[in-house]
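Student: First the structure, which I've put down as structure tokens, then a few questions once you've had a look.
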């Protein structure tokens, strides 16, 4: 079954003039676990720390500018803008912070956005309040919302609890603005976008596209993302971040 988000992008591709697609293509990457795969869950949702570090070295050595959504306006100002996003708030994402600390230089300031499920914070395999505070205070990680309980937003009615509740809970931990939401399972429709706009400035899907400004209504709530998987080789990664 074709998702609503995929239909939207098909229509955009069909109706927009070709020159619109000649504009800058900004990759927004999506990760989940940064760890060795131990046989539980989906293997493709893991990226080993070794591979992740190789990917970050590539970005550093090839002049990419890593951004978070607080600096969205810089996408048109910096060289090779790219966004790294991590869904679900797994404790193994602390390895991202460690690798960033290892690789940062005066010229390369790595940043990422962690989308956390507010009701899951502090579980055994999830980041704790103290860890989230440390990450937010580091300036390298922006902690944003993946809702309160990770429901399919197209099938609920309690948007206030899932969207505003998650936003306020996360902000109370980090002391930082919570301006973006990643839709669980990538599922959204016009109602979900309408509700998300009440509490956030950005909404992220899992539509496998690059972002290119096109003037589409609600385009900041249709943001696409490209998966980086266990099977993504460094050559695959290079092609992805350079526009396919």
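The values are calculated or read from the model by the stated rules, or taken from the named source; none is laboratory data. What you see is a predicted model, and the numbers here were worked out from it, not measured in a lab. Using ideal geometry, Cβ is built from the backbone for each residue, glycine included, and neighbour counts are taken over all protein chains shown.
Student: When the stretch 114-151 is examined, which residues are found to be assigned to a loop (DSSP other than H, G, I, E, B), within 19 Å of the chain's Cα centre (by Cα) and more than 23 Å from residue 161 (Cβ to Cβ)?
Tutor: Quick first cut of the stretch 114-151, residues assigned to a loop (DSSP other than H, G, I, E, B) only: 117, 121-125, 127-128, 139-140, 146-151.
Restricting the remaining residues to those that are within 19 Å of the chain's Cα centre (by Cα) gives 117, 121, 127, 139-140, 146-151.
Once the filter is applied, which keeps residues that are assigned to a loop (DSSP other than H, G, I, E, B), within 19 Å of the chain's Cα centre (by Cα) and more than 23 Å from residue 161 (Cβ to Cβ), the stretch 114-151 yields 139, 140.
Student: Determine whether the stretch 6-27 contains at least one residue that is under 18 Å from residue 146 (Cβ atoms), at pLDDT 95 or above, surrounded by 21 or more Cβ atoms within 10 Å (Cβ to Cβ) and touching a helix residue (DSSP H, G or I) at 6+ places or on another chain (Cβ under 9 Å).
Tutor: no
Student: Given the conditions (1) in a loop (DSSP other than H, G, I, E, B); (2) surrounded by 21 or more Cβ atoms within 10 Å (Cβ to Cβ); (3) free of Cβ contacts under 8 Å to residues at least 60 places away in the same chain, report the number of the one that residue 188 does not fulfil.
Tutor: Tallying (1) in a loop (DSSP other than H, G, I, E, B); (2) surrounded by 21 or more Cβ atoms within 10 Å (Cβ to Cβ); (3) free of Cβ contacts under 8 Å to residues at least 60 places away in the same chain, residue 188 fails exactly one: (3).
Student: Now for a separate question. When you look at residue 201, is it in contact (Cβ under 8 Å) with a residue 40 or more places away in the chain, farther than 16 Å from residue 84 by Cβ and within 16 Å of the chain's Cα centre (by Cα), yes or no?
Tutor: Yes, satisfied.
Student: If the requirement is being surrounded by fewer than 21 Cβ atoms within 10 Å (Cβ to Cβ), at pLDDT 95 or above, over 23 Å from residue 44 (Cβ atoms) and touching a helix residue (DSSP H, G or I) at 6+ places or on another chain (Cβ under 9 Å), which of these qualifies: 62, 71?
Tutor: 62
Student: Please enumerate the residues belonging to the stretch 97-113 that are surrounded by fewer than 15 Cβ atoms within 10 Å (Cβ to Cβ) and in a loop (DSSP other than H, G, I, E, B).
Tutor: Those that are surrounded by fewer than 15 Cβ atoms within 10 Å (Cβ to Cβ) and in a loop (DSSP other than H, G, I, E, B): 105, 106, 107, 109.
Student: Go through the stretch 191-204 and count every residue that is farther than 26 Å from residue 138 by Cβ, in contact with a strand residue (DSSP E or B) (Cβ under 9 Å, 6 or more places away or on another chain) and crowded, with 17+ Cβ neighbours inside 10 Å.
Tutor: The qualifying residues number 3.
Student: Which of the residues that make up the stretch 170-182 are crowded, with 19+ Cβ neighbours inside 10 Å and part of a helix (DSSP H, G or I)?
Tutor: If the condition is that a residue be crowded, with 19+ Cβ neighbours inside 10 Å and part of a helix (DSSP H, G or I), then 170, 173, 174 are the ones that fit.
Student: Do you know which residues across the stretch 152-164 are under 20 Å from the mean Cα position of the chain (by Cα) and in contact (Cβ under 8 Å) with a residue 24 or more places away in the chain?
Tutor: Within the stretch 152-164, the first condition is being under 20 Å from the mean Cα position of the chain (by Cα), and the residues that meet it are 152-154, 162-164.
Once the filter is applied, which keeps residues that are under 20 Å from the mean Cα position of the chain (by Cα) and in contact (Cβ under 8 Å) with a residue 24 or more places away in the chain, the stretch 152-164 yields 152, 153, 154, 163, 164.
Student: Tally time: how many residues in the stretch 167-178 are in contact with a helix residue (DSSP H, G or I) (Cβ under 6 Å, 6 or more places away or on another chain) and either closer than 10 Å to residue 199 by Cα or without any contact (Cβ under 8 Å) to a residue 40 or more places away in the chain (or both)?
Tutor: 1
Student: Working only within the stretch 114-130, note down all residues that are buried (at least 21 other Cβ atoms within 10 Å of the Cβ) and over 19 Å from residue 65 (Cα atoms). Please lay out each step first, then the result.
Tutor: Of the stretch 114-130, the ones buried (at least 21 other Cβ atoms within 10 Å of the Cβ) are 114-118, 127.
If the condition is that a residue be buried (at least 21 other Cβ atoms within 10 Å of the Cβ) and over 19 Å from residue 65 (Cα atoms), then 115, 116, 117, 118, 127 are the ones that fit.
Student: Here's a check for you: in the stretch 75-96, which residue that is under 24 Å from residue 239 (Cβ atoms) and part of a helix (DSSP H, G or I) is farthest from the chain's Cα centre (by Cα)?
Tutor: Pass one, the stretch 75-96, residues under 24 Å from residue 239 (Cβ atoms): 75-76, 78-87, 96.
Then keep just the ones that are part of a helix (DSSP H, G or I); that gives 75-76, 96.
Values: 75: 15, 76: 19, 96: 14 Å.
Here the answer is 76.
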